[in-house]
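The structure appears below as structure tokens.
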Amino acid sequence: MRKLNKTWGISIGFFVLAVFALITLVPFFWIVVSSFKTYRETVQIPVVFFPASFTNLDNYKELFGRLNFLSYYKNNIINTIGITFPQLFLSSLAAYAFARIDFPFKNVIFVSLLLALMIPIQMILMPRYKLILDLGLFDSYLGIIIPSIPSVTTTFYMRQQIMSLPWSLDESAYLDGAGHFRIFWSILLPLCHSALLATGIMCLVFSWNDFLWPLVVINSTEKYTLSIAVANLQGQHLTRDNLLLTAAVVVSLPMVVVFIISQRYFIEGIALSGIKE
């Protein structure tokens, strides 16, 4: 009887997960399908779910003809890489300091950083903008990258991961003459690979899709990110929904590929996460 109840529980769990997965995938499936529709099919009532032809690539041809997507892809890749890797490295260093090193007012500083998460991004746009102007970084890649590198969320998550590792690792390394950076780089950081991968994916997605800050900083058309380019497809009086949905597919496709590729390593990283005392 207990085995039967366990089987039913697992089956119900899988059914609930399947329903949630379906709810999550339907909007993306709708976007992909709609990218093959004509404008008339997109706005037609009653709604037409499938296009007349899945071989109709007119939307993609028109989109790449109107916008220089290769240039926008290059801008996105530069900004995303420039933000993700420095953010992971510096946030991990800060996390190690908060988790392993005793210094004055450590807890006060950390709590202050957590309180900073409650401040909406819109409230710090003007100070950021003034700082970028003073540094002469307006309308440049560095103007997007530098203010986006510090991350309280990444620091907090990495700190929690490092705190979960046993102190015996540090003590053994101290006895062998290792310093703080050697312990951080050679011992603790490799054991946090699951956390690094998870936060790296989140940072990658956020940086790739960021719209507000690049919109404020970038003025030159050739330095537009994909998000700004897609936003410019919305007309004042008429929006070509079929082109907008096609652009959404083109913009989101790299992140879908990254997720598919990294999913296996992400799961393995969690399963083989650090040693616990």
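The values are calculated or read from the model by the stated rules, or taken from the named source; none is laboratory data. Model, not experiment: these values are computed from the prediction. Glycine also receives a Cβ, built like all others from the backbone with ideal geometry; neighbour counts cover every protein chain displayed. Ligands, DNA and RNA are stripped out before the accessible areas are found, and what is left, the full protein with its side chains, is counted by its heavy atoms. Shrake-Rupley method; radii C 1.70, N 1.55, O 1.52, S 1.80 Å.
Details
- Residues that are open to solvent by 80 Å² or more (accessible area, probe 1.4 Å) and of a type in the set (V, I, T), drawn from segment 4-49: I10, I12, I23, T24, I45, V47
- Filter pass, I119 being outside any helix (DSSP H, G or I) and surrounded by fewer than 18 Cβ atoms within 10 Å (Cβ to Cβ): yes
- Only one of the listed residues (V108, V152) is loosely packed, with under 15 Cβ neighbours inside 10 Å and of a type in the set (A, V, I, L, M). That residue is V108.
- Selection from segment 27-65 of residues that are free of Cβ contacts under 8 Å to residues at least 40 places away in the same chain and within 18 Å of V251 (Cα to Cα): P27, F29, W30, V33, F36, L57, D58, K61, F64, G65
- Selection status of I132, open to solvent by less than 50 Å² (accessible area, probe 1.4 Å), β-branched (V, I, T) and closer than 19 Å to L88 by Cβ: no
- Residue identified as assigned to a helix (DSSP H, G or I), aromatic (F, W, Y), over 24 Å from S140 (Cα atoms) and touching a Leu at 6+ places or on another chain (Cβ under 7 Å) among Y96, Y72: Y96
- Criterion (touching a Lys or Arg at 6+ places or on another chain (Cβ under 8 Å) and closer than 22 Å to L243 by Cα) met by exactly one of V48, V43, V26, V32: V48
- F98 being open to solvent by 80 Å² or more (accessible area, probe 1.4 Å), under 31 Å from the mean Cα position of the chain (by Cα) and of a type in the set (F, W, Y): no
- Extreme residue, surrounded by the fewest Cβ atoms within 10 Å (Cβ to Cβ), among residues of segment 50-67 that are of a type in the set (S, T, N, Q) and part of a loop (DSSP other than H, G, I, E, B): T55
- Residue that is without any contact (Cβ under 8 Å) to a residue 12 or more places away in the chain and touching a helix residue (DSSP H, G or I) at 6+ places or on another chain (Cβ under 8 Å), where the choices are F89, F156, F98, F103: F103
- Condition met for A18 (in contact with a Lys or Arg (Cβ under 7 Å, 6 or more places away or on another chain) and at pLDDT 85 or above): no
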